[in-house]
Amino acid sequence: MTKLNPTKAKIIQKAIELFNSNGVYNVINQDIADAADVSLSNFNYHFPKKKDLMYAVCGYLSYVLDHRIKQNSLLVNDGIILELTKIFLQFENDFKFFYLETQNILRAHPDLREQMENRVKEDIQMIKNLNFIAIGKGYMKPELKDFPGLYDMLANQIWMTSHFWFAQTTLKRIEGNGVYKGTEACFAVLYPYLTPKGKEVYLNFLAENKKTDKQNRVLATK
């Protein structure tokens, strides 16, 4: 992603904040311009049409997700699938608007559909790759010979669980740390396929994340 003009970057950031808090279609350009402390004419100079802003926002989202994945050494060194799902969940938490309004956004901006489909394929392939690494490390059982394609289905299930977790929690009014609970849900999906070694590694991973979450909540109250 090319470096953005500072004003353009600020507009994108404020648009995301407003989309998260109010919903994409409850926000008008003037709201974003006011939040970014720019005139409406300046806003329109950078984004002449609403779709121009949405394309820029989606491009920024894709850049952020790629950056977070590439910066995570646990994925490269340990091949822990839950680390990837945690990244997905944290990302989804930061950009809730897109996941809560995916169909409406794609309906209004059909040109984004191919980009979204490619992103989904890439994410599922990453999960598949980590599954194979987990098998190699003895964390997961080898795929059953009498059920070819089972782990492809598993990768898709993990993707669906992680990517639409916050839509579920909003609908069901689930309280608590959404990222941790979503990671637990992905663990539940994985559990039948884990070896004893894998269960130990993943339970330790969850315990460390729960401990970190508790520490962060204590710090937030100070």
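The values are calculated or read from the model by the stated rules, or taken from the named source; none is laboratory data. All values reported here derive from a predicted model rather than from experimental measurement. Neighbour counts are summed over all protein chains in view; Cβ atoms, including those assigned to glycine, are modelled from backbone coordinates with ideal geometry.
I need every pair where a residue in region 134-146 that is among the acidic types (Asp, Glu) has its Cβ under 8 Å from the Cβ of a residue that is surrounded by 15 or more Cβ atoms within 10 Å (Cβ to Cβ) and in a loop (DSSP other than H, G, I, E, B), sequence separation at least 6 or different chains.
none
For the subset of region 127-141 comprising residues that are more than 19 Å from the chain's Cα centre (by Cα) and part of a helix (DSSP H, G or I), which member is farthest from residue 200 (Cα to Cα)? Step through it out loud before you land on a result.
Just the residues of region 127-141 that are more than 19 Å from the chain's Cα centre (by Cα), to begin with: 132-141.
Going one step further and asking which of them are part of a helix (DSSP H, G or I), we end up with 132-136.
Details: 132: 18, 133: 16, 134: 13, 135: 14, 136: 16 Å.
Per the criteria, the residue is 132.
When you scan region 37-97 for helices (runs of 4 or more DSSP H) that lie fully inside it, which ones turn up with 3 or more residues that are of a type in the set (Asp, Glu)?
Where helices (runs of 4 or more DSSP H) fall fully within region 37-97 and carry at least 3 residues being of a type in the set (Asp, Glu), they are 81-94.
Among 82, 106, 144, 150, which is within 25 Å of residue 13 (Cβ to Cβ) and not basic (Lys, Arg)?
Working: 82 fails: within 25 Å of residue 13 (Cβ to Cβ); 144 fails: within 25 Å of residue 13 (Cβ to Cβ); 150 fails: within 25 Å of residue 13 (Cβ to Cβ).
Unique residue meeting the criteria: 106.
Is region 149-158 home to any residue that is modelled with pLDDT under 90, under 14 Å from residue 190 (Cβ atoms) and either surrounded by 13 or more Cβ atoms within 10 Å (Cβ to Cβ) or not aromatic (Phe, Trp, Tyr) (or both)? Spell out the reasoning first.
Step one: list which residues in region 149-158 are modelled with pLDDT under 90, which gives none.
No; the residues of region 149-158 include none that is modelled with pLDDT under 90, under 14 Å from residue 190 (Cβ atoms) and either surrounded by 13 or more Cβ atoms within 10 Å (Cβ to Cβ) or not aromatic (Phe, Trp, Tyr) (or both).
Only one of (1) touching a residue at least 24 places away in the same chain (Cβ under 8 Å); (2) surrounded by 18 or more Cβ atoms within 10 Å (Cβ to Cβ) fails for residue 33. Which number is that?
(1)
State the number of residues belonging to region 19-36 that are among the small types (Gly, Ala, Ser) and outside any helix (DSSP H, G or I). Spell out how you get there, then give the answer.
Initially, region 19-36 is screened for residues among the small types (Gly, Ala, Ser), giving 21, 23, 33, 35-36.
Still in the list and also outside any helix (DSSP H, G or I): 23, 36.
Qualifying residue count for the region: 2.
Go through region 5-18 and report how many residues are touching a residue at least 24 places away in the same chain (Cβ under 8 Å), of a type outside the set (D, E, K, R) and either over 22 Å from residue 92 (Cβ atoms) or not in a helix (DSSP H, G or I) (or both). I'd like the intermediate steps shown before the answer.
So in region 5-18, the residues touching a residue at least 24 places away in the same chain (Cβ under 8 Å) come out as 5, 7-8, 10-12, 15-16.
Right, trim to of a type outside the set (D, E, K, R) and you get 5, 7, 11-12, 15-16.
Checking the rest, the ones that are also either over 22 Å from residue 92 (Cβ atoms) or not in a helix (DSSP H, G or I) (or both) come to 5, 7, 11.
Of the residues in that region, 3 qualify.
Pull up region 70-119, narrow it to residues that are among the β-branched types (Val, Ile, Thr) and out of contact with any helix residue (DSSP H, G or I) (no Cβ under 7 Å at 6 or more places or on another chain), then point me to the one that is surrounded by the most Cβ atoms within 10 Å (Cβ to Cβ). Walk me through it before giving the result.
First, the residues of region 70-119 that are among the β-branched types (Val, Ile, Thr): 76, 80-81, 85, 87, 102, 105.
Applying the additional criterion that residues be out of contact with any helix residue (DSSP H, G or I) (no Cβ under 7 Å at 6 or more places or on another chain) yields 76, 102.
Working: 76: 10, 102: 15.
My answer is 102.
So that you can scan it fast, the table gives a plain yes or no per residue for (1) of a type outside the set (Lys, Arg); (2) touching a residue at least 60 places away in the same chain (Cβ under 8 Å):
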residue	(1), (2)
169	yes, no
175	yes, no
179	yes, yes
182	yes, yes
189	yes, no
192	yes, no
196	yes, no
211	no, no
214	no, no
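Within region 175-208, count every residue that is under 16 Å from the mean Cα position of the chain (by Cα) and of a type in the set (Phe, Trp, Tyr). Give the derivation first.
Our first condition is that a residue be under 16 Å from the mean Cα position of the chain (by Cα); within region 175-208, this holds for 177-186.
Those still in the list that are of a type in the set (Phe, Trp, Tyr) too: 180.
Residues flagged as under 16 Å from the mean Cα position of the chain (by Cα) and of a type in the set (Phe, Trp, Tyr) within region 175-208 amount to 1.
Can you name every residue in region 5-30 that is buried (at least 16 other Cβ atoms within 10 Å of the Cβ) and over 22 Å from the mean Cα position of the chain (by Cα)?
8, 27, 29
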